[in-house]
1. So what are the ³J(HN,Hα) numbers for the stretch 168-175, from phi and the Karplus equation (6.51, -1.76, 1.60; θ = phi - 60°), rounded to whole Hz, Gly and Pro as x?
2. Which is farthest toward the positive dipole end of the chain among 559, 476, 728, measuring Cα position about the Cα centre, with Cβ charges +1 (Lys, Arg) and -1 (Asp, Glu)?
3. Does the stretch 630-678 classify as rounded, prolate or oblate by the C-alpha gyration tensor (a ≥ b ≥ c root eigenvalues; a/c under 1.5 gives rounded; else a/b over b/c gives prolate, otherwise oblate)?
4. Provide the solvent-accessible area of residue 279, counting protein heavy atoms only and rolling a 1.4 Å probe, rounded to the nearest 10 Å².
5. Could you work out [θ]222 nm for the chain from helices alone, using -39500 (n - 2.57) per DSSP H run of at least four and dividing by all its residues? Round to the nearest 500 deg cm²/dmol.
6. Quote the relative contact order of the stretch 67-144 in percent (integer), defining contacts as alpha-carbon pairs under 8 Å separated by 6+ residues.
7. How high is the relative contact order of the chain, in percent, with contacts defined as C-alpha pairs under 8 Å that are six or more residues apart?
8. Keeping all protein chains in place and using 1.4 angstrom, which order do 316, 606 fall into by accessible surface area, from largest down?
Amino acid sequence: MLARTSPILLAIATALLTALISITSLAANTIGTIEVSGNQRIEASTIIAYLSLNKGDTYTEDKANESLKSLYATELFSDISISYKKPSLIVKVTENPLINKIIFEGNKRINDDTLASEIFLKPRSVYTKSKLQNDVKRLQSVYQKSGRFSASIVPKVITLDQSRINVVFEIEEGNKATIQSIRFIGNEFFTTKALREVINTSESRWYNFFSSNDTYDPDRVEFDKELLRKFYLSSGFAEFSVISAIAEITSDKRNFILTFTLNEGIRYNFGEIDINNQLPNLGLDELLGTESIETITGELFNAQYINNTVDNITNHLNERGYAFVEVRPQYKYLRDEKKINIAYRIQEGPKVYIDRINISGNVRTLDKVIRREFRINEGDPFNASKIKRSRERIQNLNFFDKVTIQNVPGIDNDRSTLNVEVEERSTGELNFGAGFSTTDGALGNVSIRERNLLGRAQDLRLSFQQSSRGSQISSGFTEPYFLGKDLSAGIDVFTVENDFSDESSFDSSTQGFTLRLGYSLTEFLRHSVRYSLQTVDITDIEADASLFIRKQEGDNSTSLVGHTLLYDRRDNKFDPTEGYYLQFNQDVAGLGGNSKYIKHEVKTGHYFPVYKRDVILSFRTKAGSIFGYGGKKVRINERYYIGGSTIRGFENAGIGPRDIATNDALGGKNYYFGSSEVSFPLGLPEELGFKGALFVDAADLFDTDDASSATIKDESSIRASVGAGVSWTSPLGPIRLDIAHPFAKEEYDRTRTIQFNFGTRF
């Protein structure tokens, strides 16, 4: 019996012994203490908090590796070791040093501030090798974008005491790599000289110092290809194509040779022009009598004339009630005769009336808010232009991310249904904002706003903004359809504190309110009137301020009535791609209060899609004039100030009348401003929200009531700047960077090369 049970007892004993050994082993690897060494700035408790091992835990290699990864991820340490020596977990670290200074050496063409804004490493931040390597690449990119492809950047780290370092970027800028030569291959009809005048890129010449078009830019080359295509297609070459556009850098990396390879093809004239009309009850003579046909037999082929003719015929037929019309040009190439016959085929379609307008997707917004924006009603004849305008008006409400209007057949052949689908965006906002701009400095704001209150399109807002240049508290309410009519009514209440010490050595405090009323005169012409009552107190005038500013210390009240006429033909008032607007403002102060002045202002803007709707050319102008009456002068806070974001390349209030003895801006009573800009995508995915821009700004500000002194400079002369900018609609808010070079200025003007604006909401 004993012999038979011995194996069983032996197995039990073995299992117990194994468990005992395992328990003993685990107990032997228990962490009793955690010892941290090598840390100088960072507390031991902070390091322990990143560990996956704690006091009382069992030490394992896997947990130790997790702890290493966690500590390295902080980027606070350059070296870390973790070991276990019963009963202690030993953590040894070598901290990454703190950056004391960042120094740029050898840079002459690009200043320190510009370079510093491009890198991630900053003084008092933690240094890492990966950040340094990335910053070298970014600086190299900055120089390449400025045309200096031979620039060399060598980083050096200088060790200081107390775990601090200086980072030095030794820069050899090299020469600017410009376009040495532009060549064309395959051009037989047009000379190279003629084609060079078509494209935007230019060869480097000594007199091109105001232009950046002689530097290599891949985006500009793509734009040039489109310019060449449009030029040839408008000059008779219907089969033209750009085979390639190659930029080769010379061996010394100082110049580029740009070569366009072209296929001109045959130059054609328009041959026979025909209309294949299948629409009932429409005579061909009537259609041709509309002057819709821009293509004429015997004239030089021009693709734009064909596109214009298709649009003209389509719009003409839509206005006559014909829906589902498709006008398709058909080409017949007669290469031997060098002619192209064009036949406009018009597909048959019935005369259609709007049966129903169905709206979907508006969970919050009331149907009537959308319907009242329609320029066409149920029962009206189909009209494509009115439907397009209706969509623009709905989109301009800014309540929807997406608005689509689909035309589908109705229950009868002469009936059509419009299906309107909207995708609502959030209109209620509780915003905490932060940002920075070169004009206002650091800024923050808190605001609560509902732009579509109760789904009725009412706008209610309350906001507080604080910046290094002042603060503002404001509230407002707008009813867009007052008394059920196309009549907007609103009120604004505000208190504003402004710090003008940098520009004019004084501060101002403003409190007041404004009543507003607006209505439509025509579809595109709107008129609004307003009444405003406010008090302004000029305070904290510096002891060395201009005498003309010190005289205006104290408070002043203004009671004014004003009106605005706005004619707006933009396709989108928030982000226009085509169209124009004209605006006239007029204010008269003196119905009570101390101020007596009349103020006029005119603003215009024109927008043209140069290429599809990606490249937009815009022209903006404005001008203003203010003058006192009844023996009253125009006070300093009522005058115009130009600079900053108004004319890039100059500081805020950087141009215009100035007391050169104190360098105080005095403002002017008359100004004019003009700007031309082309905005374009940067070749990145559209959803990233990056755009580039090239611009020229010009302005003048003149005439002050204080011009009697010899220290006052008040000269009427054009100031102008040229530059480039990048904008980014980032997830954190809009960011805009402009670099401008003032090439026309007065010696007493205050300039600024870089304009940077950043704002965020969270």
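The values are calculated or read from the model by the stated rules, or taken from the named source; none is laboratory data. Keep in mind it's a predicted model, so treat the numbers as computed, not measured. Note: ideal-geometry Cβ built from the backbone for every residue, glycine included; neighbour counts use all protein chains shown. Note: areas computed on protein heavy atoms with side chains; ligands, DNA, RNA excluded. Shrake-Rupley method; radii C 1.70, N 1.55, O 1.52, S 1.80 Å.
1. Taking θ as phi minus 60°, the curve returns 10, 9, 8, 10, 10, 5, x, 8 Hz for the stretch 168-175.
2. It is 728, whose Cα lies furthest towards the positive end.
3. Because a/c hits 1.5 or more and a/b fails to exceed b/c, the stretch 630-678 counts as oblate.
4. Only protein atoms counted, so the area is about 10 Å².
5. Computed mean residue ellipticity for the chain: -5500 deg cm²/dmol.
6. 24
7. Dividing the mean separation by the residue count of the chain yields 5 percent.
8. Result of the area sort, largest leading: 606, 316.
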